[in-house]
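The values are calculated or read from the model by the stated rules, or taken from the named source; none is laboratory data. Not measured: the values here are computed from a predicted model. Every residue, glycine among them, receives a Cβ derived from its backbone with ideal geometry; neighbour counts consider all protein chains shown. Remember, those area values only see protein heavy atoms, side chains included, never the ligands or the DNA or RNA. Shrake-Rupley method; radii C 1.70, N 1.55, O 1.52, S 1.80 Å.
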Amino acid sequence: MSQEFINPDPSCEDDFDPNSMPVDAALQRIAQAVRPLRHVESVAIRGALGRVLAGDVAAPFDVPPHRNSARDGYALAQQSIVSDDGVITLTVVGTSWAGKPYTDPLSAGECVRIMTGAAMPPGTDVVVMQEHVEVEDNRIRFNANSPTASHVRYPGEDFHAGDVVLTAGKLLRPADLGVLASMGLAEVKVMRRLRVAFFSTGDELKMIGEPLGLGDIYDSNRYCLHGMLRRLGVEMIDLGVIPDTRDEVRRAFTEASEEADVVISTGGASVGEADYIAEVLEEMGSVNFWKISMKPGRPLTFGHLGDALFFGLPGNPVSVMVTFYQFVQPALRQMRGESSTFANRMRVPLASAIKKQPGRVEFQRGLLSVDSTGQTHVTSTGAQGSHILNSMSNANCFIILPLESTGAEAGELVEVEPFEGLV
Ligand code: AMP
Ligand code: MG
């Protein structure tokens, strides 16, 4: 059992804390603890969206499989372009449609009307676009330098037979479903789905529909977690709200670890009187309790519960989301076999100055937008308290300010992590 209980003296309000761990170090330790899943299943390719490919997929044949036209126009043999005055006249002897090829051989002075995607007739090797052609009855006239081989698509231009087109560990996106279909594959092998159990802790938490007494709040964390986990396509086990007692926390731990690969709790994660997460995890599993030099989301309990990985996230909703995205999501992605778990980050100018105390990396909530000149910039969503969940709702990115930064001026480039790209 490894244990790293922190010196509790510096308060959560202090920005510099000698006992706190840098974000990168915590990420590294989590990555070292993750054991990727092994179990593989076959799914129909539509069902493979958002799943992780279990093995390399090699092309069974060239794609495209046949020479075909990239244009609507006329297919001909390069060698039939002979003329003294630079103008070519040819006879149209038939049409090659996409799916209905023209297969007869051509004689000198002949060409074939061809549609985009139609197979090139035997003996033809160039296409003249219909826009470059004058048509009169069954004859066409065009400039001798118009036909071109670049209007022809060759077998294997997308990929060749035997090429490894999709590699193990790839998270399958819409394009990949199309690539698999273009190979004629009905099914593909993917990693099994992760099973993630989660629960909230706190005596003040009420379920929707219950009246709120003084000091009560509705449990919002489980809804955010549901959303984040659903987007990751994991199987969810929602264990509800667990009261702040050792026995109830023990019971939840037992139930969660029996079924799940990963267990996530929120709340009760610091060192308050009713905070039992780290204590019970220590008793039932193995625990690392880290104060991480980040804001929000400083306390993070991480460890094992039986075979399951355990993440004890803070209670404040913004902290839950920030720590989920920064620590839990990369771990889940690694665990389900993804070969790359990096987050997309970019540097964007700040629309107006933001302040920050040095000593912690800050994940502020930001709004990326494009002004009338086409310039992208980012602005803070305003109040940044870790209980202000609306700051996440209003944001479309994190603004990540480094440990020692004291803020940034308008126009300065800051690092941002967009919440979503193409969906
Ligand atoms: P704790 O870590 O339990 O001390 O919680 C820190 C803060 O987060 C307190 O203000 C809690 O009321 C709040 N909190 C904890 N769990 C939730 C939850 N599931 N939904 C909304 N707020 C929560
Ligand atoms: Mg609590």
Restricting attention to region 376-423, the residues that are surrounded by 17 or more Cβ atoms within 10 Å (Cβ to Cβ), in a strand (DSSP E or B) and either within 16 Å of ligand 2 (Cβ to nearest atom) or of a type in the set (A, V, I, L, M, F, W, C) (or both) number exactly 9
A careful count of residues in region 139-192 that are of a type outside the set (A, V, I, L, M, F, W, C), part of a strand (DSSP E or B) and more than 21 Å from Ala118 (Cβ to Cβ) gives 4
Scan region 329-344 residue by residue and report those that are of a type outside the set (Phe, Trp, Tyr) and modelled with pLDDT under 95. Ser340, Thr341, Ala343, Asn344
State whether one or more residues within region 139-146 are buried (at least 16 other Cβ atoms within 10 Å of the Cβ), without any contact (Cβ under 8 Å) to a residue 40 or more places away in the chain and in contact with a His (Cβ under 9 Å, 6 or more places away or on another chain). yes
Pairs please, first residue from region 379-392 and under 10 Å from Gly366 (Cβ atoms), second anywhere and within 16 Å of ligand 2 (Cβ to nearest atom) and part of a helix (DSSP H, G or I), Cβ atoms under 7 Å, 6+ apart in sequence or on different chains. Ser391/Val318
Taking the residues in region 220-274 that are free of Cβ contacts under 8 Å to residues at least 12 places away in the same chain and within 12 Å of ligand 2 (Cβ to nearest atom) as candidates, determine which candidate is most open to solvent (accessible area, probe 1.4 Å). Glu273
Can you tell me which of Ser293, Ser286, Ser257, Ser270 is of a type in the set (Ser, Thr, Tyr) and within 11 Å of ligand 1 (Cβ to nearest atom)? Ser270
Subset of region 275-313 that is open to solvent by 10 Å² or more (accessible area, probe 1.4 Å) and within 12 Å of ligand 2 (Cβ to nearest atom) - its residue that is modelled with the lowest pLDDT: Asp275
Of the conditions (1) open to solvent by 40 Å² or more (accessible area, probe 1.4 Å); (2) more than 16 Å from ligand 1 (Cβ to nearest atom); (3) touching a strand residue (DSSP E or B) at 6+ places or on another chain (Cβ under 8 Å), Arg173 fails just one. Which one is it? (3)
Here are some conditions: (1) open to solvent by 50 Å² or more (accessible area, probe 1.4 Å); (2) more than 30 Å from Pro36 (Cβ to Cβ); (3) among the charged types (D, E, K, R). Arg345 meets all but one. Which one does it not meet? (2)
Restricting the search to region 97-123, which residues are more than 17 Å from Val135 (Cα to Cα) and small (Gly, Ala, Ser)? Ala98, Gly99, Ser107, Ala108, Gly117, Ala118, Ala119, Gly123
Does region 179-191 include one or more residues that are more than 16 Å from ligand 2 (Cβ to nearest atom), under 18 Å from the mean Cα position of the chain (by Cα) and over 14 Å from Ala58 (Cα atoms)? yes
Would you say Ala108 is within 20 Å of Ser150 (Cα to Cα) and without any contact (Cβ under 8 Å) to a residue 60 or more places away in the chain? no
Condition check: in a helix (DSSP H, G or I), open to solvent by 50 Å² or more (accessible area, probe 1.4 Å) and within 16 Å of ligand 1 (Cβ to nearest atom). Does Ser319 satisfy that? no
For region 192-215, which positions are β-branched (Val, Ile, Thr), more than 16 Å from ligand 2 (Cβ to nearest atom) and open to solvent by less than 70 Å² (accessible area, probe 1.4 Å)? Val196
